[in-house]
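Have a look at the structure below before the remarks.
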Amino acid sequence: LQAMKALSLNPNKTLIIEDSKTGLISGVQSKAKVICITTSLNKKQIMDINKNILIVDSYSEISNYFQK
């Protein structure tokens, strides 16, 4: 959150891509949209952190969130 403020980033216009527990927690706390890649955590572990995290199994799946 402090880094976002220092960079003058708006959480509503920020996307965070993470795969670690600490990164996910920080991302959720920042109020930004968070996508998690299941490389180090399984889906249940991710959902236990926050149910609003978008979960993908690969980097290529992330593009699905940008296509209309």
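The values are calculated or read from the model by the stated rules, or taken from the named source; none is laboratory data. Quantities reported herein were computed from a predicted structural model and do not represent experimental measurements. Using ideal geometry, Cβ is built from the backbone for each residue, glycine included, and neighbour counts are taken over all protein chains shown. Remember, those area values only see protein heavy atoms, side chains included, never the ligands or the DNA or RNA. Shrake-Rupley method; radii C 1.70, N 1.55, O 1.52, S 1.80 Å.
Brief remarks on what is shown
- Sequence-distant residues sharing a close amide H with Ile16 (under 5 Å, placed H): Lys33, Val34, Ile35
- Normalising the Debye intensity of the chain to I(0), with uniform scatterers on Cα atoms only, and taking log10 at q = 0.25 Å⁻¹ returns -1.10.
- Of the solvent-accessible surface of the chain, computed with a 1.4 Å probe and all protein chains present, 53% belongs to carbon and sulfur.
- Test item: Cα-centred dipole of the chain, Lys/Arg +1 and Asp/Glu -1 on Cβ, debye: 300
- Result for the chain in a Gaussian network model with C-alpha springs under 10 Å: among Ile35, Ile16, Ile49, the largest mean-square fluctuation is at Ile49.
- Value of [θ]222 nm, deg cm²/dmol, for the chain, DSSP H segments ≥ 4, -39500 (n - 2.57) each, nearest 500: -8500 deg cm²/dmol
- Lysine-lysine proximity count for the chain, Cα under 20 Å, sequence distance 8 or more or distinct chains: 18
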